[in-house]
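K.L.:
I have a structure I would like to understand better, so I am pasting it below and will then ask my questions one at a time.
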Amino acid sequence: MDLMRRSLLGQLARLSAGVALVPLSSIATAGINAQPARREGDPTKRYGMLIDLRQCIGCQACTVSCHIENAAPMGKFRTTVSQYEVEDQASGALATFMLPRLCNHCENPPCVPVCPVEATFQRQDGIVVVDSDRCVGCAYCVNACPYDARFINDKTQTADKCTFCAHRLEAGLLPACVESCVGGARIIGDMRDPNSQISQMIAEYGEQLMVLQPEKNTVPQVFYLGMDERFVTRPVAEAALLEVLDDQGKEMGYEFRGH
Amino acid sequence: MDKSRRRLLKGAVAAGGAATFAAGYSDPLIKLAKGVTGSAGEKPKDRIHGNSLAPEYSVDLKTGELTLNPDQRVAFTICYGCTTQCGVRVRIDNTTEKVLRVSGNPYHPLSADEHLPMKTPVVEALRGLSAYAEQGQQNRSTACARGNAMMSQLDNPFRIDHCLKRVAGRGERKWEKISFEQLIEEICEGGDLFGEGHVDGLRTIHNHDELIDPENPEYGPKANQLMVMEATDYGRSDLLKRFTLNAFATRNYGHHGSYCGLAFRMGSGAVMNNLVSNAHVKPDIKNAEFIMYIGTAPSQAGNPFKLQGRLIAKARAQGTLEYVIVDPALNAAASHAADNNHWVPIRPGSDSAFAMAIIQWLLDNQGYAKDFLELPGKKAADAKDEVSHSNATHLVITTKVHPRESFFLRASDLGLAEAGSDADVPLVVDAAGKLVSSESVLAAELFVEREVELVGGETVLVKSSMTLLRESANEYDLATYAEHCGIPQEKIIELAAKFASHGRRAVVNCHGGMMSGNGFYSAFGVQMLNLLAANYNRKGGSSVGGGIFNGAGKGPRYNLADFPGKRGPKGVFLSRSRFPYQKSSEYKRKVAAGENPYPSRAPWRPIAPPTLTEHLPSALDGYPYPIKALIGCMANPIYGQAGLEATIADKLKDPKRLGLFVAVDGFINETNRFADYIVPDSVMYEVWGFTGAWKGALGKLTTACWPVVEPRQQKTAEGEPVSMDAFFIAVAKRLGLKGFGENAIPDADGNLHPLNRAEDYYLRMAANIAFLGKPLPSASEDDLAHSGIVRLQPEVEKTLKEEERGPVNFLYARGGRFEDATDHYKGEQLKNAWTKTLCVYSETIGTSIDTMNGEFNSGVPRHSHPLLANKQPMREVFTEQEWPLLAFSFKSNLMNSYAIGNERLRMIKPYNPVQMNIKDAQRFGIKHGDTISIESPGGEVVGLALVSESVMPGSLGIEHGYGHRDLGATPHIIDGESQPDMPWMRAGLNINDLGFRDPTRNVDGTWLEPISGSAIRQGLPVRVTRLGTS
């Protein structure tokens, strides 16, 4: 691990990863900062995800399986993989960088306190969810999330987001994205169980792990291995796909933008 | 400094996700401004889980006890998402019979990390996918994005579920629905079917008593005027070939190979001494140390997609492998998240320059496996504990115009053995300089050039294979090779040295990138590197894989290879392949008339397999002969073969050139748009069949496909779903062909069984597979309950003998039969080995004659610029001044050639912008995001310029899978009703629209690779113009 990397944002990222290692029982009900008390979910667990970017092949199997499993509207995503092109400044060599994104199920989720009706809340197992019975679709949470991880579901007219496939975890199954991860990059697990794969990987790779936008103090619980710290903040990059043209060169727009 | 620090962000590429992840903003912001409160939406099923699917089963995390969800079932079958043909687990709603979601079959080597042993009870396999003890993420079995999305094919709005007959001119997209029985009658009996005059039916065409052309009797019987083509073997080719080759017995069956990767396959076959089935290998990624991927890339392209992607991902994380991606475009395989890989840009279609440069360096620097290559024969290999040997030391007669020119010098040439006998082995030179039998010494000289006196007293010049290879590699110097391929000389040397330094754990792999003007020799040269490294059959080297459990042969239960009255096809293929032109009547007539028999009217390719690339254009031009009927099964050459539409579309529309065209397909694609009749086929998870793997898997495997859901299309009068199987069975029965109907399938005791329904064939094939070698045990009741095969039981009981049912159920319950992964290695060797003599010099190719100039083809790989059919350099006819860029295509890691109808794939990647290098963009005044016109000698398309440095200067990259005109891209009218108009299905462009008719041919044809007849799509000459800014 090079010094440069460690001395920069890596510090913050490492701190965030560290949170997962401290006993969480006290935090779970007390709430941190302005967070309302956590409710529902299994208080003995704290779910998190680790994504080994070296093993992400950018195939988008997670994107599609999640979309199907969770009946997301067309054109809206609970998870997806962004693909970037990077250049070696010295040699000019180019490479691709795959960045899977989803809700970070933050330890300090900014989306929760802004909800005027307490529809969005954090469960005791750390999963941030939306109670659609309460949600009025005001989208405060959508705007509060610095990770663009939420959207308004046009069918239900409520806030929609990744739940780590809580319905599957509760059935003893794996989230769709984890189950279908072709490269084996996505690892989910209970970070309070020191023997879980994720706990062991956090212990093993601790200081190499990074999270997105640590400076926002959201304390994300999705950890990235093999991360380039410049992707920790939203990279300034030129979009590759600007438009959709038909065979005559006529602009058609995005087919699913109306949803 | 860490590599990542030095890298500059360049741009977001590809995944629409990057843009659309944030798409949730716009509406809510408006709502916020308006102060709307309360949700007006549809109430989801669950307040927390929304409309997420109910789990298929649940597992107690403490005990592991598994409880099935009675409303759903899980069944294992095949994915049709691409040609990898992975085994998948399909989750089905028992009430609606809808497929809910698809993932991988844990028993399947192409889908699972470590596939489960067959003996594993199904319930345990399902438990292993769960979170219980975190098993499911320690050993996953996955489906890729396509595999996940493809289920929408089942209820795709463009699916054809009824027999159709055209009601307007061919290709005009107007149809009426007819009954299956009417369709069969019209196709078999013919008549004035379209008010355009008489059409011969299949009964008339099925004529084995008369010749097509008495002037050219070698063309064979009139029955050859039926041509059958299919996309590829999705598990039903055995039945299709039973009809085509052995019941109807026409010579003309073709598949997509020649516009897919045939140049690669033949190049591989040349090294592996198998130009019959064109054997090929894949790297043992797990154990390799250095791999050069040339014109293929794991996780971007290549086959098997998931398996290679998964293995490369692991190797990257574990740091066991260094690899390079030699390709005109940057792709997903070159990963910034790990340091042990990088991209090397190469000019399209110049791979032979790169390969020959590496060969030259290896030969000049002793960078080859000397000890292995010196093994002259099997005896030496056995003594050295090697499973194979090569012909590197064998001697080729090079004296011109000698009857034995280009053949190996054999014992019989010196009168030491009878020609053609077992003792007639190749001769080599031993360490003492003596000519000896290749089976008599443990080592022989690699580089030989000398005169030899033959038995008749004449003297000939012989050169060893290695000498010929060296001469060929030295045809150009490194600097010239570097200039031709665009890779700096230092880089070539660096790669060659690295390749050599890893010995037998250095591997190369190539595929679709070889579909270029010199594609065969490019692939031959690339694969030669594997031989020079002696990595065949080696752990960490090149693996031929395990092959299949073949149920279609003379099996232990049923003989599916033979049947009473079986015929064999006779005559010349439409593609004039695998037949020596010198034996044709045309040749003989020319010689008799004192004319130069060369060039032939159009290429005859003595070594190439029957190629669909030549079949259609040749048939429509009537050379060697015209056809009267065409049946296509899912085949789409018009979309897939560069330049074909422009070359043949008008002729295809002409009923005088082709009387009858029947398409069997669940969809109307660009090719079967021109059909007269469409037979609705089963789709995806509704089909029967058995498939294997395209190498890459080290063990033996056969995937079982069966209708895990009921086919949704029209039924026959007997109540069977109309399908490919039902169609051929019905035609065969109506024409009274043998091998179908009653008494068609002999069992092992010689009793005959019927073939009236698809099950009659496939269930018996299943019995064969289940009983091969050590028979499979019987499935337990529990297996049946957990694998969704309860619904299969009535068919199993109706069709199979009692003792066959248990093992057949065991097979279907696991989605096939798979060799256990216990150990694929024996020391440093792979257990499944390729034992034929590996070829530095291919005698088969070296003794074949190019019919366009009458010269021998080179038996060793060589570099050449791409040529047209008359041997004129392509760049002489289509100059760089006029056509400054070379277009190439690459496989999409998302979209497949027939997947455009999947909305979830369009949702992620709706379009394929054209990749252009910034230097070229500046040259032509084009900016990132400009709309451009791309013109070639064969056509013009419009695209959006994606300007970057991620593509080789001078080339233009086009991702394959877009630019459709059918499959939903243009509505068809059926019974007066129009299909929906979905403009987004037409988005993007197809490189094959830039292909062209070879102007130097006398019989129409697209630009084809000379040896293999492969369609050329890598390195098409084009020019670009800016149309506007978007």
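K.L.:
Return the residues of region B:718-762 that are assigned to a helix (DSSP H, G or I) and closer than 19 Å to B:Val683 by Cα; say none if nothing qualifies.
P.N.:
Selection gives B:Met724, B:Asp725, B:Ala726, B:Phe727, B:Phe728, B:Ile729, B:Ala758, B:Glu759, B:Tyr761, B:Tyr762.
K.L.:
If you don't mind, there's one more thing I want to ask. Counting just the residues of region B:110-151 that are closer than 24 Å to A:Ala72 by Cα, among the small types (Gly, Ala, Ser) and more than 7 Å from chain A (Cβ to nearest Cβ), which one comes out surrounded by the fewest Cβ atoms within 10 Å (Cβ to Cβ)?
P.N.:
Only one residue fits best here, namely B:Gly147.
K.L.:
Another one. Please go through region B:80-107 and give me each residue that is part of a loop (DSSP other than H, G, I, E, B) and either more than 19 Å from B:Pro298 (Cα to Cα) or away from every other protein chain (no Cβ under 14 Å) (or both), ordered by number.
P.N.:
B:Tyr80, B:Thr83, B:Gln85, B:Asn94, B:Thr95, B:Thr96, B:Glu97, B:Lys98, B:Asn105, B:Pro106, B:Tyr107
K.L.:
Restricting attention to region B:603-612, does a residue exist that is closer than 17 Å to B:Leu658 by Cα, buried (at least 22 other Cβ atoms within 10 Å of the Cβ) and touching a residue at least 24 places away in the same chain (Cβ under 8 Å)?
P.N.:
Yes: region B:603-612 contains one or more residues that are closer than 17 Å to B:Leu658 by Cα, buried (at least 22 other Cβ atoms within 10 Å of the Cβ) and touching a residue at least 24 places away in the same chain (Cβ under 8 Å).
K.L.:
Counting only residues that are within 14 Å of chain A (Cβ to nearest Cβ) and out of contact with any Cys (no Cβ under 6 Å at 6 or more places or on another chain), give me the strands (runs of 3 or more DSSP E) lying completely in region B:859-975 with at least 2 of them.
P.N.:
Once the strands (runs of 3 or more DSSP E) in region B:859-975 are filtered for at least 2 residues that are within 14 Å of chain A (Cβ to nearest Cβ) and out of contact with any Cys (no Cβ under 6 Å at 6 or more places or on another chain), what remains is B:914-917, B:930-935, B:940-948, B:955-959.
K.L.:
Okay, next question. Please specify each residue of region B:461-484 satisfying the condition of being part of a strand (DSSP E or B) and surrounded by fewer than 20 Cβ atoms within 10 Å (Cβ to Cβ).
P.N.:
Residue satisfying the conditions is B:Leu461 alone.
K.L.:
Given B:Arg764, B:Arg757, which one is within 30 Å of B:Ala125 (Cα to Cα) and at pLDDT 95 or above?
P.N.:
Residue meeting the stated conditions: B:Arg764.
K.L.:
Scan region B:158-169 for residues that are assigned to a loop (DSSP other than H, G, I, E, B) and either without any contact (Cβ under 8 Å) to a residue 60 or more places away in the chain or closer than 23 Å to B:Ser179 by Cβ (or both) and jot them down.
P.N.:
B:Phe158, B:Arg159, B:Ile160, B:Asp161, B:His162, B:Cys163, B:Val167, B:Ala168 - these are the residues of region B:158-169 that are assigned to a loop (DSSP other than H, G, I, E, B) and either without any contact (Cβ under 8 Å) to a residue 60 or more places away in the chain or closer than 23 Å to B:Ser179 by Cβ (or both).
K.L.:
Restricting attention to region A:144-162, report how many residues are in a loop (DSSP other than H, G, I, E, B), at the interface with chain B (Cβ under 7 Å from one of its Cβ atoms) and crowded, with 24+ Cβ neighbours inside 10 Å.
P.N.:
1
K.L.:
If we keep just the residues of region A:168-187 that are touching a Leu at 6+ places or on another chain (Cβ under 8 Å), within 7 Å of chain B (Cβ to nearest Cβ) and within 21 Å of B:Leu66 (Cα to Cα), which is surrounded by the most Cβ atoms within 10 Å (Cβ to Cβ)?
P.N.:
Among those residues, the one meeting the criterion is A:Glu179.
K.L.:
If you scan region A:53-95, which residues turn out to be part of a loop (DSSP other than H, G, I, E, B), facing another protein chain (nearest Cβ under 7 Å) and of a type outside the set (A, V, I, L, M, F, W, C)?
P.N.:
Scanning region A:53-95 gives A:Gly58, A:Gln60, A:Asn70, A:Gly75, A:Lys76, A:Gln89.
K.L.:
Then there's this: Run A:Arg230 past the list (1) free of Cβ contacts under 8 Å to residues at least 24 places away in the same chain; (2) at the interface with another protein chain (Cβ under 8 Å from one of its Cβ atoms); (3) in a loop (DSSP other than H, G, I, E, B); (4) charged (D, E, K, R) and report the number of the one that doesn't hold.
P.N.:
(3)
K.L.:
With respect to the numbered conditions (1) touching a residue at least 60 places away in the same chain (Cβ under 8 Å); (2) of a type outside the set (D, E, K, R); (3) at the interface with another protein chain (Cβ under 7 Å from one of its Cβ atoms); (4) part of a loop (DSSP other than H, G, I, E, B), which one is the sole condition not fulfilled by A:Gly137?
P.N.:
All conditions pass for A:Gly137, except number (1).
K.L.:
If A:Cys141 meets every condition in (1) more than 26 Å from A:Ala237 (Cα to Cα); (2) of a type outside the set (S, T, N, Q); (3) over 12 Å from the mean Cα position of the chain (by Cα); (4) at pLDDT 95 or above apart from one, which number is that one?
P.N.:
If we test A:Cys141 against (1) more than 26 Å from A:Ala237 (Cα to Cα); (2) of a type outside the set (S, T, N, Q); (3) over 12 Å from the mean Cα position of the chain (by Cα); (4) at pLDDT 95 or above, just (1) comes out false.
K.L.:
List the residue pairs whose Cβ atoms are under 8 Å apart, where the first residue sits in region B:886-909 and is in contact (Cβ under 8 Å) with a residue 40 or more places away in the chain and farther than 15 Å from B:Ala969 by Cα, the second is assigned to a strand (DSSP E or B) and of a type in the set (Ser, Thr, Tyr), and the two are 6 or more positions apart or on different chains.
P.N.:
Final answer for the pair search is B:Leu886/B:Ser955; B:Ala887/B:Ser955; B:Phe888/B:Ser955; B:Ile908/A:Thr80.
Residues checked against (1) within 30 Å of B:Ala392 (Cα to Cα); (2) touching a Gly at 6+ places or on another chain (Cβ under 6 Å); (3) not in a helix (DSSP H, G or I):
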| site | (1), (2), (3) |
| --- | --- |
| B:Leu193 | no, no, yes |
| B:Lys241 | no, no, no |
| B:Thr244 | no, no, no |
| B:Thr250 | no, no, yes |
| B:Ser258 | yes, yes, no |
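The values are calculated or read from the model by the stated rules, or taken from the named source; none is laboratory data. Nothing here was measured: the structure is a model prediction, and the numbers come from that model. No Cβ is skipped: glycine too gets one built from the backbone with ideal geometry, and neighbour counts run over all protein chains shown.
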